[in-house]
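Peer 1: A single structure is presented below for examination.
Every number here is computed from the coordinates shown, using simple stated rules; none is lab data. Since the structure is predicted, the reported quantities are computational estimates derived from the model, not experimental observations. Glycine gets a Cβ as well: all are built from the backbone with ideal geometry, and neighbour counts include every protein chain shown.
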Amino acid sequence: MSGNATAAQSPGDVLAARAAVFAALGDETRLSVLGRLARGEPLSIASLTASTPLTRQAVTKHLKVLEGAGIVTSRRVGRESRFVLVRQPIDDARDGLADISRQWDDALARLKAFVER
């Protein structure tokens, strides 16, 4: 495993974290919410529901999934929570995809070398 996974994490823990990220990203609504949070500004649930057909309850449900995967974190500001994107879990998942891509590239190079003998 590469990426920013710490030495303290077992390979199983790293895979479980990546799987949680991919599962959380597997929903169109959550991807939309992440797109808005990716702009860098902390947003409230009211801000995230503005100009969308989503209810506050629906956005709250999706934010809980994103928080559970470590992709989003919240902070209380007065009476409301503000949500921000945490990039590290997404970067770690991207690194996992890069590892898989390299493994496939290596396997294809070996196959090509074998066939061309």
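Peer 1: Is region 62-70 home to any residue that is part of a strand (DSSP E or B) and within 30 Å of Pro11 (Cα to Cα)?
Peer 2: So far as region 62-70 goes, no, none of its residues is part of a strand (DSSP E or B) and within 30 Å of Pro11 (Cα to Cα).
Peer 1: Conditions: (1) of a type in the set (Gly, Ala, Ser); (2) touching a residue at least 12 places away in the same chain (Cβ under 8 Å); (3) in contact with a Phe, Trp or Tyr (Cβ under 6 Å, 6 or more places away or on another chain). Ser74 meets all but one. Number of the miss?
Peer 2: All conditions are met except number (2).
Peer 1: Could you pull out the residue among Ser32, Ser44, Ser51 that is over 19 Å from the mean Cα position of the chain (by Cα) and surrounded by 13 or more Cβ atoms within 10 Å (Cβ to Cβ)?
Peer 2: Ser44
Peer 1: When the residues of region 33-47 are filtered to those that are part of a helix (DSSP H, G or I) and out of contact with any His (no Cβ under 9 Å at 6 or more places or on another chain), which remaining residue is nearest to Arg82 (Cα to Cα)?
Peer 2: Ile45
Peer 1: Restricting to region 74-112, what's the tally of residues that are part of a helix (DSSP H, G or I) and farther than 24 Å from Gly12 by Cα?
Peer 2: Result for region 74-112: 5.
Peer 1: Does Arg117 qualify as being out of contact with any strand residue (DSSP E or B) (no Cβ under 7 Å at 6 or more places or on another chain), outside any helix (DSSP H, G or I) and basic (Lys, Arg)?
Peer 2: When the stated conditions are applied, Arg117 passes them.
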